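The values are calculated or read from the model by the stated rules, or taken from the named source; none is laboratory data. Computed from a predicted model, the values in this text were never measured in an experiment. Don't worry about glycine lacking a Cβ; one is built from the backbone with ideal geometry, like all the others, and counts go over all protein chains shown.
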Amino acid sequence: MNASDAASPAAADDGLPAVAPQLRALRRRAGLTLEAAARSAGLSPAHLSRLETGHRQPSLPMLLALARIYGTTVSELLGETVADRDAIVRAANMEPTRAGGWTYVQAGAPGRGMQALRVRVPYGSQGDIVRVHPGEEWLYVLQGRLQLRLGDTAHLLGPGDSAHFDSLTPHRLAAVDHDGVELLFVHTLLQSPTATLCLGSPTGELP
C-alpha cells in the first residue's frame, strides 16, 4: 500500500464527508457487487472499497462514472437532498464545474432522472474519447461548430442544430473551431441491467 492509498478518513471528512456511505448504499441498491461496480468504472475493487470507507476521495469524473453505473445522479452520490424540488433555476445560482477540460453549468434541478447542463467544449479536449452508456442524450448547439460521431457516421452541427440519440450508440464529441463550442445538453440516467456494461472512460464520462 502506498502513501496515497493510506490517506486517513479524516482527510476525506474535509472534502466530501457524505460520499463514502452513499457510494456503498447506492451500489447495493443497484444490486452490484464491489467487483462488478469497480470493473464497470475502470477501478480496482480495492480502490472502490477505499472510496466507500472514506479513505480516498473520488474525483468529479469518477463520481460521474459511478452515478451512471448506479443509475443515479451526482447530487444523490453526494448525499444532497432536495426539499421542494424548485422548478426554477436562476442564472445567479449556476456554478460552473470543470472536468477534463470541459466546463459544465447545471441548468436543471438536482435529484432528477433527467439532467440538463450548459456545456463548453474547448478545441482539442477529449475529442478522441468514445462514450457508451445507458440512457438518452439530447444536445443543441448554441455557439461554434460541433463534430458529433454516432457509430461510424460523423455529423457536423452548427448553431441551432440539435441531436437526440440512444447513449448506447458509441458517440464522440469534439469542437471544430479553436474558439470551442457551447451546447445545451440533456441526458437521462437509467437504472437497467445494461448499466453494468458502461464502456465510457471514467475520466471522461460527460457527456
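Kindly indicate whether Ala25 is closer than 30 Å to Val105 by Cβ, surrounded by 20 or more Cβ atoms within 10 Å (Cβ to Cβ) and at pLDDT 85 or above.
Numbers: closer than 30 Å to Val105 by Cβ: yes; surrounded by 20 or more Cβ atoms within 10 Å (Cβ to Cβ): no; at pLDDT 85 or above: yes.
Considered against the rule, which asks whether it is closer than 30 Å to Val105 by Cβ, surrounded by 20 or more Cβ atoms within 10 Å (Cβ to Cβ) and at pLDDT 85 or above, Ala25 comes out as no.
Does region 140-156 hold any residues that are part of a loop (DSSP other than H, G, I, E, B) and modelled with pLDDT of 95 or more, and which are they?
Filtering region 140-156 down to residues part of a loop (DSSP other than H, G, I, E, B) leaves 144-145, 151-152.
Residues satisfying the conditions are Gly144, Arg145.
Scanning region 39-50 for residues that are among the hydrophobic types (A, V, I, L, M, F, W, C) and modelled with pLDDT under 90, which turns out farthest from Thr73 (Cα to Cα)?
Top of the filtered list is Leu43.
Might you let me know whether region 122-133 holds any residue that is modelled with pLDDT of 70 or more, surrounded by 17 or more Cβ atoms within 10 Å (Cβ to Cβ) and touching a strand residue (DSSP E or B) at 6+ places or on another chain (Cβ under 6 Å)?
Looking through region 122-133, at least one residue is modelled with pLDDT of 70 or more, surrounded by 17 or more Cβ atoms within 10 Å (Cβ to Cβ) and touching a strand residue (DSSP E or B) at 6+ places or on another chain (Cβ under 6 Å).
Take region 166-183 and flag every residue that is surrounded by fewer than 16 Cβ atoms within 10 Å (Cβ to Cβ) and touching a Phe, Trp or Tyr at 6+ places or on another chain (Cβ under 8 Å).
Asp177, His178, Asp179
Considering only residues that are closer than 17 Å to Thr33 by Cα, among the small types (Gly, Ala, Ser) and surrounded by fewer than 23 Cβ atoms within 10 Å (Cβ to Cβ), look in region 54-83 and name the one that is modelled with the lowest pLDDT.
Selected residue: Gly71.
Sort out which residues of region 155-189 are of a type in the set (Gly, Ala, Ser) and at negative phi, and write them in order of number.
Pass one, region 155-189, residues of a type in the set (Gly, Ala, Ser): 158, 160, 162-163, 167, 174-175, 180.
Correct list: Gly158, Ser162, Ala163, Ser167, Ala174, Ala175.
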